[in-house]
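Contents: one structure, followed by commentary.
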Ligand code: ADP
């Protein structure tokens with residue numbers, strides 16, 4: 001899309017850095033592949049930024065999983081406790097969202113896990129489960145080095161969490177200690193997974209070709225099935241199936257500067273004001289926690305140059321974090337010149353004076369930022385697809401950004417198609433409730449094997 005007149009040219013100059021060339025994406029895919037291999041190598045892993053953690057989940061479900069399971073889902077916007085019943089292809093679940101107050105998100109680990117244990121207690125009490133012993137699966141979606149199916153050591157908090165005394169510790173041990181401190185619930189955590197594995201497992205329950213799990217929500221991350229012979233760090237057994245799911249933690253790509261050639265001034269500002277500067281650079285260029293802010297910074301820049309809203313902004317538009325990523329979806333969902341959603345967003349931002357031209361420019365900025373995000377995520381998926389020795393692969397995708405953005409899916413299909421080797425067939429499939437269902441499936445298998 002090229003805008004016509006002079007003013008458009010000025011706008012174009014300020015947002016051009018969001019537009020990357022095909023060669024840039026190709027180069028990024030090669031960088032990504034290199035980083036995957038570095039993370040997998042025994043010698044190279046210690047200095048790798050993309051950590052490629054083996055998950056100890058070895059296979060997709062066979063459909064015979066059954067029983068009642070509890071699941072915890074922590075690491076997204078909401079903390080949830082779930083009760084899941086598996087019975088072949090039939091899955092039923094009940095869940096409840098519990099708030100994690102800000103002071104707990106940035107408090108101590110003990111406070112966090114006491115809070116979680118209290119929520120489990122409330123949930124079990126409400127479902128009349130206090131007298132039962134139900135196996136629990138924990139979807140804990142932060143970077144962890146796993147040392148077993150139910151041992152996960154947090155490497156670093158991300159996505160706005162920062163509880164003291166948890167990094168470097170086994171989160172399952174901390175959970176069990178909190179449960180013990182209460183003494184009034186009988187719950188044992190048999191498996192800890194992250195949301196990517198949850199998405200993959202949940203989708204694989206009905207589609208055996210599913211071999212990649214992708215999250216595009218608050219953060220971004222992916223997992224995939226890798227052959228054991230390629231996993232330098234593998235310290236488990238070499239029984240069949242000779243494969244394991246690898247949690248890439250690809251959000252950390254770029255933490256060594258390898259994405260600097262595509263970063264914009266807006267990306268640098270977002271990073272600078274985040275609670276983890278210098279970390280999760282790829283994630284910050286893609287995911288829902290940051291996309292709205294990137295757009296806001298670009299809009300503010302245009303406004304300050306007199307190219308938007310006649311130069312007059314609002315306190316809201318000047319407030320960090322106030323331009324939500326859902327606005328990007330809303331604005332891009334306007335399909336005609338009435339700009340109904342866009343105007344609604346402008347109203348919410350208390351902007352007083354805006355023209356149709358302003359609507360068009362805002363929509364253009366949103367589309368540049370979201371297209372770049374979709375293409376960057378595609379680079380990662382294509383790198384995984386090209387790495388895998390398979391013809392047909394289903395990619396399970398979860399997260400509100402993918403789910404609600406009007407063009408994300410189509411943009412990704414287009415870019416991945418461009419980047420994968422000839423003959424490769426893939427599908428992007430929306431994964432429903434992977435964090436709950438996936439945890440239950442993994443827990444069911446662990447429970448059967450013990
Ligand atoms: P999580 O990844 O935290 O488990 P979600 O998948 O719901 O949870 O993702 C939440 C993120 O999605 C937030 O950063 C939010 O800004 C973003 N988001 C929420 N609604 C939308 C939407 N309609 N369009 C795009 N992004 C959205």
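On the Cα set of region 118-174, report Rg and Dmax in Å, please.
Just the Cα atoms of region 118-174 yield Rg and Dmax of 13.8, 36 Å.
To make sure I understand, if each residue's beta carbon is the centre and we count other beta carbons within 10 Å, what order do 290, 6 fall in, fewest to most? Write down the numbers at each step before the final one.
Values: 290 25, 6 7.
The most exposed by this proxy come first: 6, 290.
Roughly how many nanometres apart are two label points built 7 Å out from the Cα toward the Cβ at residue 318 and residue 122?
Once both label points are built, they end up 3.9 nm from each other.
Taking only Cα atoms, what is the 0 to 90° angle, nearest 10, from helix 109-126's long axis to the longest principal axis of the chain?
70
From the convex hull of the Cα coordinates of region 1-102, what is the mean projected area in square nanometres?
Working: hull surface 54.1 nm².
Directional mean of the projected Cα hull area for region 1-102 stands at 13.5 nm².
Provide the percentage of antiparallel DSSP beta bridges, counting only those with both residues in the chain; round to the nearest 5. The partial results should precede the final answer.
Details: 34 of 57 bridges.
Given both bridge residues lie in the chain, the antiparallel proportion sits at roughly 60 percent.
Regarding region 201-337, what whole-number volume in Å³ per residue does the convex hull of its Cα atoms give?
Values: hull volume 23.1 nm³, N = 137.
It is 169 Å³ per residue.
For region 45-138, compute Rh as the Kirkwood radius over C-alpha pairs and then the Stokes-Einstein diffusion coefficient at 10 °C and 1.306 mPa s; write the answer in µm²/s, rounded to an integer. If you can, show how the numbers build up before the last one.
Working: Rh = 15.6 Å.
Translational D for this selection: 102 µm²/s.
Starting from the Kirkwood radius over alpha-carbon pairs of region 287-407, derive D by Stokes-Einstein at 4 °C in a medium of 1.567 mPa s and give it in µm² s⁻¹. List each step's numbers first, then the result.
Working: Rh = 15.5 Å.
The Stokes-Einstein estimate is 84 µm²/s.
Under the classification rounded if a/c is under 1.5, otherwise prolate if a/b is larger than b/c and oblate if not, where does region 232-290 fall, given a ≥ b ≥ c as square roots of the Cα gyration tensor eigenvalues? Before the final figure, lay out each step's value.
Working: a/c = 3.41, a/b = 2.97, b/c = 1.15.
Prolate.
Decide, for region 210-256, between rounded, prolate and oblate: order the square roots of the alpha carbon gyration tensor eigenvalues as a ≥ b ≥ c, take rounded if a/c falls under 1.5, and otherwise choose prolate if a/b is larger than b/c, else oblate.
Numbers: a/c = 3.51, a/b = 1.76, b/c = 2.00.
It comes out oblate by the Cα gyration axes.
How large is the Kirkwood hydrodynamic radius of region 339-450, in angstrom, based on all distinct alpha carbon pairs?
Working: mean 1/r = 0.0587 Å⁻¹.
17.0 Å is the Kirkwood radius here.
When N counts the residues of region 168-267, how does its alpha-carbon radius of gyration compare numerically with 2.2 N^0.38 Å, as a ratio? Mind showing how you got there, number by number?
Working: Rg = 17.9 Å, N = 100, 2.2 N^0.38 = 12.7 Å.
For region 168-267, the normalised Cα radius of gyration is 1.42.
Evaluate the Debye formula for the chain with equal point scatterers sitting on the alpha carbons, no solvent, and hand back log10 of I(q)/I(0) at q = 0.10, 0.11, 0.12 Å⁻¹, in q order, two decimals.
Cα-only, vacuum Debye calculation for the chain: -0.73, -0.87, -1.02.
By how many degrees, 0 to 90 and rounded to 10, does the Cα axis of helix 434-449 deviate from the longest principal axis of the chain?
Taking Cα atoms only, the helix is inclined about 20 degrees.
Mind checking the angle between helix 195-204 and the chain's longest principal axis? C-alpha axes, 0 to 90 degrees, to the nearest 10.
70
Gap in Å between the Cα centre of region 281-304 and the Cα centre of region 92-164?
Spelled out, the Cα-based centre of one part sits 30 Å from the other.
Let's test the formula: R0 of 45 Å, r as the Cβ-Cβ distance of residue 188 and residue 392. What FRET efficiency results, to the nearest 0.05? Write out the running numbers ahead of the final one.
Values: r = 38 Å, r/R0 = 0.84.
In this case the efficiency is close to 0.75.
Throughout, read-outs are computed from the coordinates displayed, never taken from laboratory work. Since this is a predicted model, take the numbers as computed values, not measurements. A quick note on method: Cβ atoms are made from the backbone with ideal geometry, for glycine too, and the neighbour counts reach across all protein chains shown.
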